[in-house]
Each structure stands twice: as structure tokens, then as C-alpha cells.
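**Student:** The following block contains the structure, expressed as C-alpha cells.
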Amino acid sequence: MREIYFDNAATTRVRPEVAELVKKVMEEDYGNPSSKHLKGMQSEQYLKTAREQISRTLKCKPQEIIFTSGGTESDNMALIGTALSRKGRGKHVISMGIEHAAVYKPLDFLSSMGFEVEILPVDRNGRVDPERLKNAVRRDTILVSLMTVNNEIGTIEDIPGLAAAVKEKNPQCYFHTDSIQAYGKLKLRPKQWHVDMLSVSSHKFHGPKGCGFIFIDEKANVNPIILGGGQQHDMRSGTDNVPGIAGMGLAAELYYKEYDAIHENVMNVRTCLYDRLSRMEGVTINSGAVNLDAENLSDMGFVPYILSVSFERIRAEVLLHALEEKGIYVSSGSACSSNHPGISGTLKSIGVRQELLDSTIRFSFGMYNTVEEADYCADAVEELLPVLRKFTRY
């Protein structure tokens, strides 16, 4: 049976070149980068190379990249680290209602610690109103955290415009963006956009799991949240995951080197599946149009990598497993939230009808997918819908 993997927003398959490098570092260049001998210096060089590879993709300085265990740690460092360092200036924090758990859980923690967390609503497409954001910013607002691309429906937030609105109202307020679903999919420019912190996870762009990074502007003051041996200039203690970091750096370099070709392929895959599904009865597409030719981030709409679709009178989990039996792997929502089943806060926030909240599938694409796979998937859905609607009690 063929295998079609349409769950790339959950994780991606590691590139062969990346896997080979990780293996080499684990077996041959295994020294501790904090050691002063040759083996340690060889490992330290991998860290330096990865910082340079990643900083080139963001147009920032290598020293502004801090390696972490992944996107969740990066988000926690941004939110909790900022709160700790700036609590003397104020305790007001702003975010929005469609953030990933890696953001809203730390926000819950900050709330329990006495911080005032304000959550802004979004429109039908999942976007924050810049004027509403600007009006919400106060003199005692120390942090605004808004994701770049939503992990369930693929909405692109106008991060440059939103950051500008915040800085115009309060230049001292820090701006953080969770770019875990955006890195590789968009050309991110945190320095140009006046973004102070930006979080990324390696396994979303064909790098190894358990590895990520956070961009922290050199002018920002953020407290470390992992203390110990003082690695990475005291910003993130613990022995560095050299194999993972080396692989992540290479994955980043290769992805942006092939950026245009990957985008074009993914767009073709999405367009094929979008067109086929939108013609089927009782199907609602929650992810809007993609405009790859737009010059500004605000005009791109949605990334082509994520397609959220609701199917009337069918539970998402039933359709997910029916597709799995045909070798097609999809998601019923965020992979992280699936560990704690419940109705998606994102779908609620954008106004998806009540009866469709538990009937939504996320298809997410990557560089290895093909138009042929999209056609095969559409054929499978078309075959399954009448059968499942006939025999499934809803």
C-alpha cells in the first residue's frame, strides 16, 4: 500500500543529507563543545556554522541566535524570560485567541503569577485588527506575542504591520512572534520588522526533532529560564545538542536555497486538493486563498502548506482513520493539542459552525508531496464521504 503523508505541520521527514550529517556528528565528531581539546573545538565549530547558516536566512547576526530544545522552549523563553526581566516596567501582556499551546500555556502561567494577560479576538480569517491591537497597548505593556502563521488554518498575520503598531504606541514594549509554522514557508526579517524575539522548531522544515532556536535581538533584555553551566553566554545552560543543531543548520540552509521550487510544488499540491474538495457536497474550506506574488506579507493571505477542511456529518477522527487505512496520513488538528482532546479554540475563534467543530481535518504539505498524491487523496475522500455519512451516527 502506498503512503501519502499530508501531516507536515505536525512534523516533517528528515532530509537524507541532514540525517547523514547528524549520524556523522554522533559517531565521529562527538566531543562536548565546552571542552578545550580538539574534539571539543570540532563540536564548537558545528555550532558556529549552524548559527551562521540560520542567521543568513533571517538577515540577523549569528550571536542573536540561541539554540533550544524546540519551539516550545523557545516560546517559553520569550514569554517567561521577558516577564521576569521586565516586571519592574509593568505586568501587562497581549496575545490573541488562536495561539498554539506553547504560547497560551505560558501565558496562563504568567497570569497565575500576577501578570495581566489580555487576549485579542480575531476575524473570520484569523487575523488581529492592527487598530484594536494599537489601542490595547498601554504604557505598562511589556510584551506582545502574536504568531506569524497559524498552525491549524495557515493564516498569515501581518507581523511587520502589527509590530509597527505596537512600537508606535509603546517603543519600549517587546514584540515576540511564534514562527514555528512560518520558518521556511516565508522569508522572515525580524530586524527589519522590529521584532524582538522569534521562535522556530527544527522538525517543521525537515530537520531533527528536539531541536530549535530563538532569535533575540541584541538590544533585548531577556532572562534565561534554564540555569546551569552557563552555555550560550548564560542564555541557555545545558550541554549543546550538537548533532541536532548541526542538522538543523543544514536543513535551514538547504530549505531556503530551494525556497522558490519548494513553494511552487507545494502550491500545486494544495491547489489540486483545494479544487477537488471544494466541489464536493457538504465540504467547507476554512483556509483562504494564497497569493505568492504579493510583495507584502499582509497581502499573501494564507500559506500554501496548510489546508483546513470541514466535512458535514462526519467526525474528524472517523475520517482520519478511514484515510489512514488507505495509507493517507492527516491530522484532526494540532498534533500537540491532539494529546489533550477537545474542540479547537482556533476554529471557534474564526466562527466555524458548531456542528463542524468536530468535523475538521488538517491537510498539511511538504517538499516531498506531489500533485498525484493530492489527486489520490481527493479520490479517497470522494469515495469515503457517502459511505461514512451513511453508516456513521452523528
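The values are calculated or read from the model by the stated rules, or taken from the named source; none is laboratory data. This structure is a prediction, so every number in the text was calculated from the model and none was measured. Heads up, the Cβs are rebuilt from the backbone with ideal geometry, glycines too, and the neighbour counts pull from every protein chain shown. SASA here: full protein model, heavy atoms, side chains in, ligands and nucleic acids out. Shrake-Rupley method; radii C 1.70, N 1.55, O 1.52, S 1.80 Å.
Conditions tested, residue by residue: (1) more than 22 Å from Tyr104 (Cα to Cα); (2) of a type in the set (Ser, Thr, Tyr); (3) at pLDDT below 95.
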| position | (1), (2), (3) |
| --- | --- |
| Val166 | no, no, no |
| Pro171 | yes, no, no |
| Tyr174 | no, yes, no |
| Ile180 | no, no, no |
| Gln192 | yes, no, no |
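**Student:** Sticking with this one: Out of Glu73, Glu28, I need the residue that is surrounded by 14 or more Cβ atoms within 10 Å (Cβ to Cβ), modelled with pLDDT of 95 or more and of a type in the set (Asp, Glu). Which one?
**Tutor:** Numbers: Glu28 fails: surrounded by 14 or more Cβ atoms within 10 Å (Cβ to Cβ).
Unique residue meeting the criteria: Glu73.
**Student:** Continuing with this model, one more query. Of Val144, Val149, which residue is crowded, with 24+ Cβ neighbours inside 10 Å and within 22 Å of Ala294 (Cα to Cα)?
**Tutor:** Val149
**Student:** Need at least 1 residues that are within 23 Å of Ile350 (Cα to Cα) and out of contact with any strand residue (DSSP E or B) (no Cβ under 7 Å at 6 or more places or on another chain) per element, so show me which helices (runs of 4 or more DSSP H) inside the stretch 66-177 make the cut, counting only ones lying wholly within it. Before the answer, list the steps.
**Tutor:** Values: elements: 71-86, 101-112, 130-136, 159-169.
So the answer is 101-112, 130-136, 159-169.
**Student:** Which condition does Thr57 not pass, out of (1) open to solvent by less than 10 Å² (accessible area, probe 1.4 Å); (2) of a type outside the set (A, V, I, L, M, F, W, C); (3) farther than 24 Å from Val128 by Cβ, if it passes all the others?
**Tutor:** For Thr57, the failing item is (1).
**Student:** Then there's this: Search the stretch 65-93 for residues that are within 22 Å of Ala136 (Cβ to Cβ) and pair each with any residue that is open to solvent by less than 10 Å² (accessible area, probe 1.4 Å) and acidic (Asp, Glu) when their beta-carbon atoms are under 7 Å apart and the residues are at least 6 apart or on different chains.
**Tutor:** Close Cβ pairs satisfying both conditions: Asp75/Asp178.
**Student:** To continue, here is another question. Output the residues belonging to the stretch 247-295 that are β-branched (Val, Ile, Thr), touching a helix residue (DSSP H, G or I) at 6+ places or on another chain (Cβ under 9 Å) and outside any strand (DSSP E or B).
**Tutor:** Ile262, Val269, Thr271
Matching residues to (1) more than 11 Å from the chain's Cα centre (by Cα); (2) under 19 Å from Leu79 (Cα atoms):
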{"residue": "Asn150", "(1), (2)": "no, yes"}
{"residue": "Pro160", "(1), (2)": "yes, no"}
{"residue": "Ala165", "(1), (2)": "yes, no"}
{"residue": "Pro171", "(1), (2)": "yes, yes"}
{"residue": "Thr177", "(1), (2)": "no, yes"}
{"residue": "Lys185", "(1), (2)": "no, no"}
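**Student:** Check whether at least one residue in the stretch 251-258 is in contact with a Lys or Arg (Cβ under 9 Å, 6 or more places away or on another chain) and closer than 22 Å to His176 by Cα, and report yes or no.
**Tutor:** yes
**Student:** Please go through the stretch 100-122 and give me each residue that is of a type in the set (D, E, K, R) and under 21 Å from Ile66 (Cβ atoms), ordered by number.
**Tutor:** First, pick out the residues of the stretch 100-122 that are of a type in the set (D, E, K, R): 105, 108, 116, 118.
Across the stretch 100-122, the qualifying residue is only Lys105.
**Student:** Considering each of Gly301, Gly247, Gly288 in turn, give the residue that is buried (at least 18 other Cβ atoms within 10 Å of the Cβ), under 23 Å from Thr370 (Cα atoms) and either modelled with pLDDT under 95 or over 18 Å from the mean Cα position of the chain (by Cα) (or both).
**Tutor:** Numbers: Gly247 fails: under 23 Å from Thr370 (Cα atoms); Gly288 fails: buried (at least 18 other Cβ atoms within 10 Å of the Cβ).
Matching residue, one of Gly301, Gly247, Gly288: Gly301.
**Student:** Considering (1) touching a Ser or Thr at 6+ places or on another chain (Cβ under 6 Å); (2) among the polar types (S, T, N, Q); (3) open to solvent by 50 Å² or more (accessible area, probe 1.4 Å), say which one Asn296 fails and leave the rest.
**Tutor:** All conditions are met except number (1).
**Student:** Right, another one. When you scan the stretch 156-177, how many residues do you find that are open to solvent by 10 Å² or more (accessible area, probe 1.4 Å) and in contact (Cβ under 8 Å) with a residue 40 or more places away in the chain?
**Tutor:** Residues that pass the stated criteria total 5.
**Student:** In the stretch 327-369, which residues are at pLDDT 85 or above, outside any helix (DSSP H, G or I), within 18 Å of Phe302 (Cβ to Cβ) and among the small types (Gly, Ala, Ser)? It would help to see each step written out before you state the result.
**Tutor:** As a first pass, look at the stretch 327-369 and keep what is at pLDDT 85 or above: 327-332, 346-369.
Adding the requirement that they be outside any helix (DSSP H, G or I) leaves 327-332, 350-353, 357-369.
After this cut, where a residue has to be within 18 Å of Phe302 (Cβ to Cβ) as well, the list is 330-331, 350-352, 360-366, 369.
Result: Ser331, Gly351, Ser364, Gly366.
**Student:** Further question: Just to verify a result, which residue in the stretch 76-101, among those that are open to solvent by less than 10 Å² (accessible area, probe 1.4 Å) and within 18 Å of Glu157 (Cβ to Cβ), is farthest from the chain's Cα centre (by Cα)?
**Tutor:** Val93
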